[in-house]
Amino acid sequence: RDAVDYAALVDRIRAVAAWFAVRILPAVEVDARARRGHLNVLEREVAQELVAAVPLPVDRTVLDGERLFAALARRLRSARAENRADAREPAVAAASILAKTERDRVYAALCAPLEATLGPIRGEGYPNGATARFLSAHLARFGSLPPETRRSWCWPPLMAHTTAEDRGEDPALFP
């Protein structure tokens, strides 16, 4: 896999984009919606808010996710929803890069003050061994998961430290 200079791509995107926005959702908000089975609803609501916030005329709108955004695309003028739009539409690919790099920036800012105590933090918060080791180290040192942790996330290393209620499961079905 070739290394990608995301910082240079972000600088280029920002230089040529007429407008862009990235919205960070707090884990507690995502968890609350996931517990009710409304994660896709939340994603559609945020997409609709971002589309509505565009301060200039738009010739067309491309939404990444055919089933997820079909209804929104029908309500918008000159819009379509399609799967893997980031592979075919430069603007969608650019939006994906902006979102990824902002997520990585926020994650690094959250980890920076912890590294003096826990050492280097790897894994980037994705479900992998390094993230599992970070969560274990945080639990051992502080007695709890980091406050930014999505507790509704059904990932085995995390599930040992969350409750069925955290994950939106019916305790009667998952004793």
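The values are calculated or read from the model by the stated rules, or taken from the named source; none is laboratory data. Bear in mind the structure is a predicted one, so any value in this text is a computation, not a measurement. As a convention, Cβ positions derive from the backbone with ideal geometry for all residues, glycine included, and neighbour counts pool all protein chains shown. Only protein heavy atoms, including side chains, enter the accessible area calculation; ligands, DNA and RNA are left aside. Shrake-Rupley method; radii C 1.70, N 1.55, O 1.52, S 1.80 Å.
Under a point spin-label approximation (7 Å from Cα along Cα-to-Cβ), what is the residue 45-residue 6 distance to one decimal in nm?
About 2.7 nm separates the two model spin labels.
Could you pull the Cα extents of region 1-95 along its three principal axes, largest to smallest, in whole Å?
39, 32, 27
Just the accessible area for residue 97, please: 1.4 Å probe, Å², rounded to the nearest 10?
40 Å²
Within the accessible area of region 16-175, what % is carbon and sulfur when the probe is 1.4 Å and the other protein chains stay in place?
56 percent
Can you give me the long-range amide H partners of residue 61? Hydrogens built in the peptide plane at 1.01 Å from N, cutoff under 5 Å, separation of 5 or more residues or another chain.
79, 80
For the chain, compute Rh as the Kirkwood radius over C-alpha pairs and then the Stokes-Einstein diffusion coefficient at 25 °C and 0.890 mPa s; write the answer in µm²/s, rounded to an integer.
For these conditions, the coefficient is 132 µm²/s.
Grab the DSSP H runs of the chain that are 4 residues or longer, score each as -39,500 (n - 2.57), total them, divide by all residues and round the 222 nm result to the nearest 500 deg cm²/dmol.
-17000 deg cm²/dmol
What ranking of 135, 39 comes out by heavy-atom accessible area, probe 1.4 Å, highest first?
These residues rank, largest area first, as 39, 135.
Calculated FRET efficiency, residue 132 and residue 60, Cβ-Cβ r, R0 30 Å, to nearest 0.05?
0.10
With a ≥ b ≥ c the root eigenvalues of the C-alpha gyration tensor of region 33-75, is it rounded (a/c under 1.5), prolate (a/b larger than b/c) or oblate?
Cα axes put region 33-75 in the oblate bin.
In square nanometres, what is one fourth of the surface area of the convex hull spanned by the alpha carbons of region 90-136?
Projected area, direction-averaged: 3.5 nm².
Please list, in order along region 143-157, the HN-Hα scalar couplings obtained from phi with the Karplus expression 6.51 cos²θ - 1.76 cosθ + 1.60 (θ = phi - 60°), rounded to whole Hz, x for Gly and Pro.
For region 143-157, the Karplus-derived couplings read x, 7, 6, x, x, 7, 6, 6, 6, 7, 6, 8, 10, x, x Hz, x marking Gly and Pro.
Can you run phi through the Karplus equation (6.51, -1.76, 1.60; θ = phi - 60°) for region 12-23 and list ³J(HN,Hα) in whole Hz, with x for Gly and Pro?
Karplus values, whole Hz, x for Gly and Pro: 5, 4, 4, 6, 9, 6, 5, 6, 7, 8, 10, 10.
Where does each of 139, 56 land when they are ordered by accessible area, with a 1.4 Å probe and the largest first?
Sorted by accessible area, descending: 56, 139.
For 51, 28, 10, 22, give the ranking by accessible area with the largest first, probe 1.4 Å.
Details: 51 40, 28 110, 10 20, 22 65 Å².
Most to least solvent-accessible, the answer reads 28, 22, 51, 10.
How far is it, in nm, from the label point at residue 124 to the one at residue 148 when both lie 7 Å from their Cα along the line to the Cβ?
For residue 124 paired with residue 148, the spin-label model returns 1.5 nm.
In region 1-84, what chymotrypsin sites (Phe, Trp or Tyr not before Pro) fall in a loop by DSSP, with at most 13 other Cβ atoms inside 10 Å?
19
Can you work out ³J(HN,Hα) from phi for every residue in region 36-50, in order, using Karplus 6.51 cos²θ - 1.76 cosθ + 1.60 and θ = phi - 60°, giving whole Hz and x for Gly and Pro?
Result, rounded to whole Hz: 8, x, 10, 4, 5, 4, 4, 4, 5, 4, 5, 4, 5, 4, 5.
Hey, what's the chain come to in accessible area per residue, 1.4 Å probe, Å²?
65 Å²
With every protein chain in place, what's the accessible area of residue 78 (1.4 Å probe, Å², nearest 10)?
60 Å²
Test of the criteria: in region 1-38, which trypsin sites (Lys or Arg not before Pro) are in a DSSP loop and have at most 12 other Cβ atoms within 10 angstrom of their Cβ?
Taking region 1-38 and a limit of 12 other Cβ atoms within 10 Å, the loop trypsin sites (Lys or Arg not before Pro) found are 1, 23, 36.
So for the chain, averaging the separation of alpha carbon pairs under 8 Å that are six or more residues apart and normalising by length, what relative contact order in percent results?
The normalised contact order for the chain reaches 22 percent.
So how much accessible area does residue 38 have, in Å² to the nearest 10, using a 1.4 Å probe?
So the heavy atoms of residue 38 present about 70 Å² to solvent.
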